[in-house]
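A.B. asks: Right, I'll just put the structure down here and ask away after.
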Amino acid sequence: MEKRWKGLSFPPFVGVGPMASLQSRATCRWQPPGEGWMKLNFDGAARGNPGQAGIGCVVHNWEGKEIAALASPVGINTNNWAELMALVEGLLLCRKLEVKFLDIEGDSAIIVNALRKGSMPNWKLNTLLSKAIDLCKGFHRFTINHIYREGNKRVDELANLGANGIKLLSMPT
């Protein structure tokens, strides 16, 4: 596979090979990024598809300390649109925090694979995906990885708050 932009590390595509075992999902745990890196976890939620949607994202430092968190309602949208919007808003948050080295994690294999590949099967989402790709170009280095929902609980809670109409932003002053 050809790299579409500088700085991206390509692990294998998510979803290739046998389905994950229940044990793998049950033992999935969030891990802090490597020293000097920050980690962005993102998630979207929709009450129906489409339905009332919300986004959530959290930025942690390499010590595992939560640096910033966001929950926001995003109107009536699909779950994939909400996932992608959560990624874009999380990347914007990281840019505000002047993050240089970023490990990105999400539980949507569709969004993770689309970002790695540089396109979406759903053409309606390609404009938003292009925005995410452009934002990624602003980091010195970044990775994009899939994490099971069981390891992404904090942002799942935030996305559900957003879908419930609650807006929250915490970041350093």
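A.B. asks: Inspect all residues belonging to segment 20-42 and state whether any of them is under 26 Å from residue 117 (Cβ atoms), at pLDDT below 95 and in a helix (DSSP H, G or I).
C.D. replies: The answer is yes, given that some residue of segment 20-42 is under 26 Å from residue 117 (Cβ atoms), at pLDDT below 95 and in a helix (DSSP H, G or I).
A.B. asks: Could you grab me the full set of residues in segment 59-68 that are in a strand (DSSP E or B) and out of contact with any Gly (no Cβ under 8 Å at 6 or more places or on another chain)?
C.D. replies: Of everything in segment 59-68, those that are in a strand (DSSP E or B) and out of contact with any Gly (no Cβ under 8 Å at 6 or more places or on another chain) turn out to be 60, 61, 66, 67, 68.
A.B. asks: A further question follows. Taking the stated definitions as given, is residue 7 surrounded by 12 or more Cβ atoms within 10 Å (Cβ to Cβ), within 17 Å of residue 104 (Cβ to Cβ), modelled with pLDDT under 95 and not hydrophobic (A, V, I, L, M, F, W, C)?
C.D. replies: Against the criterion (surrounded by 12 or more Cβ atoms within 10 Å (Cβ to Cβ), within 17 Å of residue 104 (Cβ to Cβ), modelled with pLDDT under 95 and not hydrophobic (A, V, I, L, M, F, W, C)), residue 7 qualifies.
A.B. asks: Restricting to strands (runs of 3 or more DSSP E) lying wholly in segment 83-173: which have 2 or more residues that are surrounded by 13 or more Cβ atoms within 10 Å (Cβ to Cβ) and among the hydrophobic types (A, V, I, L, M, F, W, C)? Show your work before the answer.
C.D. replies: Numbers: elements: 101-106, 141-146, 168-170.
Correct list: 101-106, 141-146.
A.B. asks: Related question: Only one of (1) modelled with pLDDT of 95 or more; (2) surrounded by fewer than 22 Cβ atoms within 10 Å (Cβ to Cβ); (3) among the acidic types (Asp, Glu) is not met by residue 2, so which one is it?
C.D. replies: Failing condition for residue 2: (1).
A.B. asks: Any residue in segment 151-170 that is of a type in the set (Lys, Arg) sitting within a Cβ distance under 9 Å of a residue that is assigned to a helix (DSSP H, G or I)? List the pairs, counting only those 6 or more apart or interchain.
C.D. replies: Sorted first by the residue in segment 151-170, then by its partner, the pairs are 167/161.
A.B. asks: Is there any pair linking a residue in segment 65-82 that is closer than 17 Å to residue 41 by Cβ to one that is of a type in the set (D, E, K, R) and assigned to a loop (DSSP other than H, G, I, E, B), with Cβ under 8 Å and at least six apart or on different chains, and which?
C.D. replies: Note: pairs meeting the criteria are 71/167; 72/167.
A.B. asks: Could you grab me the full set of residues in segment 23-60 that are buried (at least 20 other Cβ atoms within 10 Å of the Cβ), touching a Lys or Arg at 6+ places or on another chain (Cβ under 7 Å) and over 30 Å from residue 124 (Cβ atoms)?
C.D. replies: Matches in segment 23-60: 33, 60.
The values are calculated or read from the model by the stated rules, or taken from the named source; none is laboratory data. Keep in mind it's a predicted model, so treat the numbers as computed, not measured. Neighbour counts are summed over all protein chains in view; Cβ atoms, including those assigned to glycine, are modelled from backbone coordinates with ideal geometry.
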